[in-house]
Every structure is written in C-alpha cells, then in structure tokens.
Amino acid sequence: MDGLDRAVAVLRGRVETAEKELRDLKAQLAQAEQLAQDARSKENSNGPWKWPLEAGEYERYGRQMILPGFGVQGQVQLKNARVLIVGAGGLGCPAAAYLAGAGVGTIGIVDGDTVEASNLHRQIAHTTSRLGTTKAYSLYCYLHDLNPLPEYKLYEEHLAPQNAERIVSQYDVVLDCTDNPATRYLISDICVLLGKPLVSASALRTDGQLIVLNCPPAPQGSKGGPCYRCVFPQPPPPASILSCGEGGVLGPAVGTMGVLQAGEAIKIIIRGHHVPYSTDAYPTPDALPSPTLLLFSSPLSGPPSLRAVRMRSRRADCYACSGSSVLTLESLSDGSGMDYVQFCGGLPSPESTLSAEERVSASDYAATIRSVTKDHLLLDVREPEHFGIAAIDGAVNVPFSQWKQSINVEEDGGQVRPEWLPPTLRDDAPIYVVCRVGNDSQVATRRLKEMGIDGGGKRFIGDIRGGMRAWKEEVDKSMPFT
Ligand SMILES: [Zn+2]
C-alpha cells in the first residue's frame with residue numbers, strides 16, 4: 001500500500017508540473033496571438049498608429065466604452081490604473097474577474113492561502129483541478145485565461161505590517177477582500193498613510209456590507225473620506241466573530257459583494273478620484289462626497305434587499321486619519337505602533353484555556369469513556385445545521401451561540417439547572433463537551449463550571465480536544481466534517 005501511495009504521489013506531482021507548464025504555454029500563446037493581431041492592424045493602417053488603444057482593445061472593451069460618461073478616456077484610465085486585491089477568496093475572485101475583464105492595466109493579488117475543496121462553492125475563480133495550489137496563482141490562471149492583456153502581480157503571502165508598505169505603495173486603488181478584523185484595520189491604516197482609496201466589503205451567511213473609504217484620500221488631519229476606523233473605531237468582540245467555517249456563507253451573497261467592489265473601483269478610476277487629494281477639487285467640506293455604507297441581505301426565506309446608510313465623514317479623534325494621529329509608516333512597519341492582533345482581542349480562537357486534566361482526546365473518549373462510563377452526558381455545542389450533518393451517537397445539541405445570549409435555566413430547589421440537563425443524570429455523572437475544532441467547547445466548559453453544574457467539583461466537566469475534526473481523524477474517518 002505504501003508503495004502504491006508513493007507511486008500515486010509521484011504521478012500526481014508529474015501531472016501538476018505538466019499542467020502548470022501547459023497553462024504557462026497557453027498563456028504565452030494567447031499573449032503572442034494578441035500582439036500579432038495588433039501588429040497586423042498597425043501594418044494595415046495608413047501611416048503611423050494614431051489611436052490611444054490597440055486594435056484588439058477596441059473590440060474587447062467596446063461595450064463598456066460606449067457607456068455614457070465612460071468613453072475611450074475611461075478605458076485609457078483603466079489601462080493606466082493599478083489595483084491591488086487583498087484576499088483571493090469569495091470577494092476577491094469575482095472582484096478580480098470583473099476588473100481584469102474591464103481592462104485594468106495592472107492587477108496585484110495578495111493571498112497566502114491554498115485552494116481547498118470547501119472554498120469552491122463561492123470562490124469562483126478556483127477549480128477542482130487546482131486544489132492545493134496557492135489562491136493567488138489559481139486566481140491568476142483564471143484571470144489570464146479571461147484576459148491576457150493586463151499585467152498580473154502575485155504576492156503569495158499574507159498582508160502584514162512588515163510587507164504592507166512595499167506592496168500597497170505600488171497601487172492606485174486597494175480592495176479589501178479579506179475576512180478577519182486585524183487585517184481590515186491594517187489595510188485601512190496603510191491606505192491612509194499612503195493616500196490610497198479603499199473599497200472594503202465583507203459577507204457572512206446571507207448578508208454583506210460595502211463601503212468606499214479614504215476617498216478622496218487626504219493626509220492625516222485634512223478633509224478627506226473617512227477610514228475604516230472612523231466607521232468602526234472598535235473591533236467587534238472576538239467572541240462575536242463568526243468565520244465562514246463556523247457561521248456559513250451563501251456563495252451568491254459574497255459574490256454580489258465582490259462584484260459591487262469591482263464596480264466601485266472602476267468608478268473611482270474613471271472619475272479620477274485616485275489622483276492625490278487636491279483642495280481645489282473639494283473647496284468646502286460640504287463638497288466632499290458623503291460615504292454610504294451599503295447593506296445587502298439575501299435571506300433564505302425571502303427576497304433580497306439593499307439599503308444604503310449615509311455615514312459621517314472623518315472623525316476628529318480617529319486613531320489613523322485625524323490630525324492628532326501618531327500612526328506613521330515607521331511605527332506600522334517596525335511594530336512599535338499597534339499590535340493588530342492584540343487590538344482585535346487576540347487570536348479569535350484561544351488554543352487552550354483548559355488544563356490538560358480537563359481535556360480528553362477523541363480516541364480516549366471513544367475507546368474508554370463512551371463504552372465504560374455509560375452514565376455521562378456528551379454535549380455538542382455546534383450550530384444545529386452542523387449537528388444535523390453529522391454527530392456522535394448519543395450527543396445532545398445545545399448550540400453555543402445561544403449560550404452567548406442567555407441560557408435557559410429553571411430553578412430546582414434553589415439550584416440552577418439548565419433545562420437540557422437530563423433529570424435522570426446522576427449528580428456525579430461526567431459531562432463532556434464537543435464542538436467543531438475544540439475552541440468553543442473550552443469556553444462552554446468554563447461556563448458550565450461557573451454556573452455550578454459541576455457541583456463544586458463533584459462532577460467532572462471537560463471537553464474533547466480538537467472537537468469533531470479530531471473525531472474524524474482519530475475515530476471515524478467516514479464522518480462528514482464541515
Ligand atoms: Zn479615520
């Protein structure tokens with residue numbers, strides 16, 4: 001079996017290398033064909049080429065150039081523009097597709113992740129055959145196939161304080177297509193410092209948000225568009241943040257937001273707002289365009305809706321863009337300023353808050369506790385949708401999201417007893433808590449002890465280390481994991 005696995009791995013590697021070579025060759029061919037076609041057009045023209053665009057570009061972009069207010073000038077502005085897309089996921093894929101299709105001259109893609117099967121339902125540029133490749137490269141393959149004319153620059157790394165200036169400084173407009181608060185604040189700060197308009201969007205479950213920030217850009221303390229911190233001075237509490245992996249996301253909802261981002265970026269470019277801020281353009285504060293926060297919702301139970309909320313302009317006390325700001329390029333890059341992860345409440349998933357004695361491995365629970373300690377309770381704190389897809393036999397589902405609000409309890413002889421606690425469960429019968437990957441279960445275990453469910457130490461309460469993911473790896477490989 002080992003020999004066969006090795007042979008499969010070798011063959012897979014050779015196929016990937018050959019496919020990459022073939023893709024690169026096709027990309028070169030497409031580019032050469034386009035150049036040859038343009039050269040032929042020039043040969044056939046009477047005298048020197050007198051048009052601002054190449055022949056093939058008139059054909060490719062004609063349908064948008066004839067839009068009122070767009071024109072050939074708009075197309076030339078797009079061709080000269082440089083747009084950075086941070087995050088090649090559910091937002092970044094559709095945004096990049098429309099920007100590449102529209103003929104933005106230079107497109108940068110920042111993403112340090114690789115393509116996984118769970119991305120494909122919404123991250124439309126990635127494909128099954130490119131599982132395991134970097135998202136930046138996978139998106140490049142899609143974009144180059146769509147339009148070989150733009151220049152694509154890949155950054156197969158995560159945006160960080162150390163590389164932010166080097167990367168962002170090369171672009172005119174930035175799209176925030178990421179999904180974590182720490183990176184959102186970092187992107188906003190670097191855009192303020194470098195004077196770049198920022199098109200920011202987010203999506204979760206069936207809802208999304210869109211806002212154009214720092215537009216027009218202006219030095220700290222001057223009158224310009226608000227930054228992300230002006231709109232959201234404080235990050236959401238870490239416990240309230242749901243990732244796509246925990247909360248779920250509807251592909252068309254996040255796709256809609258990415259498409260809207262591309263539209264806003266195109267408008268910024270063709271209106272010329274990406275040029276450095278000039279007080280001539282906005283002589284009075286009232287002349288500044290008022291930013292709007294666009295809220296999109298597409299509930300599974302009803303029709304979609306879009307709502308625009310008008311936002312205030314820059315905050316006088318903003319940490320990043322106000323006159324009293326101490327944020328500088330130096331303090332950002334050398335780490336002497338803000339610790340972004342810390343500011344957002346540390347890592348959203350504490351690796352370990354329980355002691356080793358309070359935790360059991362999935363395999364130990366399966367091998368001994370489940371079969372020997374029959375009288376116990378297994379509490380599964382995932383959302384009911386996760387629980388409904390697959391759960392451990394005998395587990396009781398009490399979603400952790402409900403705990404965060406309030407837990408239903410009833411008075412029982414002066415003792416607080418949750419209604420889900422089976423009346424037949426002995427006072428010293430242990431309780432094991434399981435969640436998706438072993439973070440919520442630790443917090444839930446703490447809560448149960450704070451509520452006194454352990455009877456002052458009479459009853460063992462602990463969690464299953466690594467959650468359902470560990471259960472799949474260690475106990476039941478057939479179990480679906482989402
Ligand atoms: Zn601000």
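The values are calculated or read from the model by the stated rules, or taken from the named source; none is laboratory data. All figures in this text were calculated on a predicted structure; none of them were measured in a lab. Here the Cβ is made from the backbone with ideal geometry for all residues, glycine too, and neighbour counts use every protein chain on show.
Worth pointing out:
- Out of 327, 332, sole residue that is more than 18 Å from residue 209 (Cα to Cα), in contact with an Asp or Glu (Cβ under 8 Å, 6 or more places away or on another chain), outside any loop (DSSP other than H, G, I, E, B) and within 16 Å of the ligand (Cβ to nearest atom): 332
- Options 109, 124: the member that is in a loop (DSSP other than H, G, I, E, B), of a type outside the set (S, T, N, Q) and under 26 Å from residue 252 (Cβ atoms): 124
- Filtering the range 422-430 for residues that are surrounded by 15 or more Cβ atoms within 10 Å (Cβ to Cβ), in contact (Cβ under 8 Å) with a residue 12 or more places away in the chain and more than 15 Å from residue 398 (Cβ to Cβ) leaves a non-empty set.
- Filtered residues of the range 229-249 (kept if over 16 Å from the mean Cα position of the chain (by Cα) and either modelled with pLDDT of 90 or more or crowded, with 18+ Cβ neighbours inside 10 Å (or both)): 229, 230, 231, 232, 233
- The range 57-95: number of residues that are free of Cβ contacts under 8 Å to residues at least 60 places away in the same chain and buried (at least 18 other Cβ atoms within 10 Å of the Cβ): 4
- Residue in the range 335-344 that is touching a residue at least 60 places away in the same chain (Cβ under 8 Å) and loosely packed, with under 14 Cβ neighbours inside 10 Å present: yes
- Residues being modelled with pLDDT of 90 or more, exposed (fewer than 15 other Cβ atoms within 10 Å of the Cβ) and within 14 Å of the ligand (Cβ to nearest atom) - total across the range 290-322: 2
- Residues of the range 440-471 satisfying the condition of being in contact (Cβ under 8 Å) with a residue 40 or more places away in the chain, buried (at least 19 other Cβ atoms within 10 Å of the Cβ) and not in a helix (DSSP H, G or I): 461, 462, 463, 464, 465, 466
- The residues on offer are 325, 301, and the sole one that is more than 21 Å from residue 187 (Cβ to Cβ) and over 23 Å from the mean Cα position of the chain (by Cα) is 301.
- Residue in the range 168-177 that is surrounded by fewer than 21 Cβ atoms within 10 Å (Cβ to Cβ), over 18 Å from residue 92 (Cα atoms) and either without any contact (Cβ under 8 Å) to a residue 60 or more places away in the chain or within 16 Å of the ligand (Cβ to nearest atom) (or both) present: yes
- The residue list 210, 149, 204 contains one member that is more than 16 Å from the ligand (Cβ to nearest atom), surrounded by 17 or more Cβ atoms within 10 Å (Cβ to Cβ) and not in a strand (DSSP E or B), which is 149.
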